[in-house]
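Enquirer: Dropping a structure here in structure tokens format, bear with me for questions.
The values are calculated or read from the model by the stated rules, or taken from the named source; none is laboratory data. Keep in mind that this is a model prediction, so the values were computed, not measured. Here the Cβ positions follow ideal geometry from the backbone for every residue, glycine too, while neighbour counts run over all protein chains shown. Note: areas computed on protein heavy atoms with side chains; ligands, DNA, RNA excluded. Shrake-Rupley method; radii C 1.70, N 1.55, O 1.52, S 1.80 Å.
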Protein chains: 2
Amino acid sequence: MSTTMWLRSAAAALPGPPVDNAALGARIGLPAEWIDRFVGTRARHFAKGRTDLAGLCERAARDALGRAGLAARELDFVVLATATPDALMPTTAAVVADRLGAGDVPVYQLQSGCSGTVQALALARALLADGAGRGLVLGGDVAAKHLDLDQDFRSMRPAQLVNYVVFGDGAGAAVVSADRAPGAARCAAVGHRPVLPGVAPGQRLEWYGAAERDSSLPPATEDYAAVEQRVPELAEQAAKEQLAALDWTGEQLDHLLPPQLGGRMTTAITARLRAALGAERAAELSCVADTGNTGNALLLQQLALLLPLLREGERTLAVCVESSRWITGTLALGPEGRSV
Amino acid sequence: MSTTMWLRSAAAALPGPPVDNAALGARIGLPAEWIDRFVGTRARHFAKGRTDLAGLCERAARDALGRAGLAARELDFVVLATATPDALMPTTAAVVADRLGAGDVPVYQLQSGCSGTVQALALARALLADGAGRGLVLGGDVAAKHLDLDQDFRSMRPAQLVNYVVFGDGAGAAVVSADRAPGAARCAAVGHRPVLPGVAPGQRLEWYGAAERDSSLPPATEDYAAVEQRVPELAEQAAKEQLAALDWTGEQLDHLLPPQLGGRMTTAITARLRAALGAERAAELSCVADTGNTGNALLLQQLALLLPLLREGERTLAVCVESSRWITGTLALGPEGRSV
């Protein structure tokens, strides 16, 4: 591919105050120590209400536009990735673009899980290749509307209960462009692909039409054993393949943005990636322990942490793994090598 | 833009037998004559079950691949547009791509209303511009899961009741490529854009997480007065602007694919477009009277009807209007002029 995408800014938005394990544990009947030990996430934020994704995305977008020194009307497109839109129609992307005053530029909303921001960045690069100059990439999730904190948790099975401690709400935004701007990070590679053909999904998040409102099906189901087993393997495989495609070595990596499933798993995956890639020098950038798994927001939150630290010539590798239908995603930032 | 996209095949899939106005009217307490007269849709198909979108898309995809003479493993990407996915995660697009055996190519699912197939085709063109060779574009909706046919309709307000006669279920598929293939139609233009900034949505389709399962909010709301007024105006405006951008005149149009809201509105919009564009010679291609409004499937159904009729050198203009957040979409097929 000949199109180079530049990452000009990134920002994140989280709703309300953090909910720590003591407060959450008291609510759902789990000891805070159990959450600390087995999940490793210290806090998360929960949005109030069903339609807060648009508000979170708008906040993150205004921050990212400000950091890039751009007005919304200077954008050529808006892309939003989420698993949990405010409504099926109109799209949250269209609502946010309208609120920002982005004008009549094309707006896309990707339905996606944890690989969504990589998908949105890949779509953005394709739009730049098709002639666009600059665009806004948004990602976020409001899982809180799937979580009924008023129910009786005593009869809930662990496979359901874990959703209440793993997920959090948030949004992120990034401004990308085809032209280099001062301080922008060069996107050396961005890609996503399905893996494990034919293997059952590790997560399923239902939605219900009118005809299913009385369904007794659980709204969200996870196979955490499969997730715990597969995600580290898939992260390693995706990272190795991305480095090989770029002709980069692990030793060259300055920053590593690992998958953000939970504090404990992320720590383990980072250790595995450092060892497998020989990337002992790479600094980990993670946020999950303080925000929970915010789905499509996570990579943008990591990028918002990274960009102020990033120095000319440094190399960064980000890895995502989506465990619904299994998908891996990678993003590489760096000054050299061909774009892939 | 320099990328030309070729439309190699299109196909549609509808579930079960058609449900005519006599059968539907008896169920919901409306005279068949009223539906005939005020909506102008004779029949529609309803999918059984919540997760039939994947099955419908798979059927349409296999048909379209067969018509294009391609195997799924020869695709470079899969894009699916829908307002009504089978689940929030995994995406229906990922499920269909896995069933088809499309391998590890990028898969995108757009959340979208009636402009969705144009959005998917625009995304496909961008992916071709970014280096892909050929891809599969899918669109479809299963509105049936929003329609509870077992309820008491006597207390339902007309604004809700009309949903039961307007919508139908279906899916469509198209194969596109960057290289010309024998019999392929040249995509001269494809684009979509938000219009009417700040104007309230004409449609809203909710979804509910666990915390809202007991909500008394209606799952779908429409402002049909706004839809009836705005859509014809917006269709005319979008058609005129697309022709001007292409340097085409209405007299040159051989085929016209108008928005498909309902049989009666579509007939009126076609008459308006013919008069406003001077496109008296253009043959209308519509399917809504026999399938209902199938949302993201409609344009693909129209294209499946069109392609076998299309002759070398002919010009086609398709227009879509999405009335949730207001969006217009256009697709032009033809042999000359720059791609826009």
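Enquirer: Pick out the one residue from B:ARG281, B:ARG311 that is in a loop (DSSP other than H, G, I, E, B), surrounded by fewer than 16 Cβ atoms within 10 Å (Cβ to Cβ) and touching a helix residue (DSSP H, G or I) at 6+ places or on another chain (Cβ under 8 Å). If you could, list the steps in order and put the result at the bottom.
Expert: Details: B:ARG311 fails: touching a helix residue (DSSP H, G or I) at 6+ places or on another chain (Cβ under 8 Å).
From the options B:ARG281, B:ARG311, the qualifying one is B:ARG281.
Enquirer: One residue is enough: does the range A:128-144 have a residue meeting the conditions under 18 Å from B:PHE77 (Cβ atoms), in contact (Cβ under 8 Å) with a residue 24 or more places away in the chain and of a type outside the set (Gly, Ala, Ser)?
Expert: Yes, there is a match, as at least one residue in the range A:128-144 is under 18 Å from B:PHE77 (Cβ atoms), in contact (Cβ under 8 Å) with a residue 24 or more places away in the chain and of a type outside the set (Gly, Ala, Ser).
Enquirer: If you check A:GLN109, A:GLN119, which single one turns out to be facing chain B (nearest Cβ under 7 Å), open to solvent by less than 20 Å² (accessible area, probe 1.4 Å) and part of a helix (DSSP H, G or I)?
Expert: Details: A:GLN109 fails: part of a helix (DSSP H, G or I).
After applying the criteria, what remains is A:GLN119.
Enquirer: For A:ASP214, which of the numbered conditions (1) assigned to a helix (DSSP H, G or I); (2) within 14 Å of another protein chain (Cβ to nearest Cβ); (3) modelled with pLDDT under 95; (4) open to solvent by 40 Å² or more (accessible area, probe 1.4 Å) fails to hold?
Expert: With respect to (1) assigned to a helix (DSSP H, G or I); (2) within 14 Å of another protein chain (Cβ to nearest Cβ); (3) modelled with pLDDT under 95; (4) open to solvent by 40 Å² or more (accessible area, probe 1.4 Å), A:ASP214 is out only on (1).
Enquirer: Here is a further query. Among the numbered conditions (1) hydrophobic (A, V, I, L, M, F, W, C); (2) more than 8 Å from chain A (Cβ to nearest Cβ); (3) open to solvent by 30 Å² or more (accessible area, probe 1.4 Å); (4) assigned to a helix (DSSP H, G or I), tell me where B:LEU65 comes up short.
Expert: (3)
Enquirer: Just to be sure I understand, how many residues within the range B:1-21 are closer than 26 Å to B:SER177 by Cβ, more than 21 Å from the chain's Cα centre (by Cα) and away from chain A (no Cβ under 14 Å)?
Expert: Summing the residues that are closer than 26 Å to B:SER177 by Cβ, more than 21 Å from the chain's Cα centre (by Cα) and away from chain A (no Cβ under 14 Å) in the range B:1-21 gives 0.
Enquirer: Looking only at the range B:5-55, which residues are buried (at least 19 other Cβ atoms within 10 Å of the Cβ), touching a Lys or Arg at 6+ places or on another chain (Cβ under 9 Å) and aromatic (Phe, Trp, Tyr)?
Expert: Correct list: B:TRP6 only.
Enquirer: For the range B:93-106, how many residues are more than 7 Å from chain A (Cβ to nearest Cβ), outside any helix (DSSP H, G or I) and surrounded by 24 or more Cβ atoms within 10 Å (Cβ to Cβ)?
Expert: The total comes to 1.
Enquirer: So, one more: So which strands (runs of 3 or more DSSP E) are wholly in the range B:156-209 and hold at least 3 residues that are open to solvent by 10 Å² or more (accessible area, probe 1.4 Å)? Show your work before the answer.
Expert: Values: elements: B:170-177, B:185-194, B:203-205.
Answer list for the range B:156-209: B:185-194, B:203-205.
Enquirer: I've got another one for you. Go through the range B:232-254 and give me each residue that's within 21 Å of the chain's Cα centre (by Cα), small (Gly, Ala, Ser) and open to solvent by 60 Å² or more (accessible area, probe 1.4 Å).
Expert: Those that are within 21 Å of the chain's Cα centre (by Cα), small (Gly, Ala, Ser) and open to solvent by 60 Å² or more (accessible area, probe 1.4 Å): none in the range B:232-254.
Enquirer: If the requirement is being closer than 30 Å to A:ARG99 by Cα, without any contact (Cβ under 8 Å) to a residue 12 or more places away in the chain and among the hydrophobic types (A, V, I, L, M, F, W, C), which of these qualifies: B:ALA244, B:ALA297?
Expert: Details: B:ALA297 fails: without any contact (Cβ under 8 Å) to a residue 12 or more places away in the chain.
Step by step, each of B:ALA244, B:ALA297 is checked, and only B:ALA244 is closer than 30 Å to A:ARG99 by Cα, without any contact (Cβ under 8 Å) to a residue 12 or more places away in the chain and among the hydrophobic types (A, V, I, L, M, F, W, C).
Enquirer: Looking only at the range B:122-143, which residues are more than 7 Å from chain A (Cβ to nearest Cβ) and either part of a loop (DSSP other than H, G, I, E, B) or at pLDDT below 95 (or both)? Can you show your working first?
Expert: Of the residues in the range B:122-143, the ones more than 7 Å from chain A (Cβ to nearest Cβ) are B:124, B:128, B:132-143.
Hits for the range B:122-143 are B:ALA132, B:GLY133, B:VAL142, B:ALA143.
Enquirer: Across the range B:255-278, which residue is nearest to the chain's Cα centre (by Cα) among those that are open to solvent by less than 20 Å² (accessible area, probe 1.4 Å) and among the polar types (S, T, N, Q)?
Expert: Ranking the candidates gives B:GLN260 first.
Enquirer: With (1) more than 30 Å from A:THR328 (Cβ to Cβ); (2) in contact (Cβ under 8 Å) with a residue 12 or more places away in the chain as the list, and A:ASP98 as the residue in question, which single condition is left unmet?
Expert: (2)
Enquirer: Would you check if A:ALA87 is assigned to a helix (DSSP H, G or I), within 8 Å of chain B (Cβ to nearest Cβ) and open to solvent by less than 10 Å² (accessible area, probe 1.4 Å)? Full working, then the answer.
Expert: Details: assigned to a helix (DSSP H, G or I): no; within 8 Å of chain B (Cβ to nearest Cβ): yes; open to solvent by less than 10 Å² (accessible area, probe 1.4 Å): yes.
No.
Enquirer: A further question follows. Residue under question is A:LEU30, and the condition is that it be away from chain B (no Cβ under 12 Å), out of contact with any Pro (no Cβ under 8 Å at 6 or more places or on another chain), touching a residue at least 40 places away in the same chain (Cβ under 8 Å) and farther than 30 Å from A:SER177 by Cβ; does it hold? If you could, list the steps in order and put the result at the bottom.
Expert: Values: away from chain B (no Cβ under 12 Å): yes; out of contact with any Pro (no Cβ under 8 Å at 6 or more places or on another chain): yes; touching a residue at least 40 places away in the same chain (Cβ under 8 Å): yes; farther than 30 Å from A:SER177 by Cβ: yes.
Against the criterion (away from chain B (no Cβ under 12 Å), out of contact with any Pro (no Cβ under 8 Å at 6 or more places or on another chain), touching a residue at least 40 places away in the same chain (Cβ under 8 Å) and farther than 30 Å from A:SER177 by Cβ), A:LEU30 qualifies.
Enquirer: Which numbered condition trips up B:LEU70, out of (1) open to solvent by less than 40 Å² (accessible area, probe 1.4 Å); (2) within 11 Å of chain A (Cβ to nearest Cβ); (3) over 19 Å from A:GLY198 (Cα atoms)?
Expert: It is condition (2) that B:LEU70 fails.
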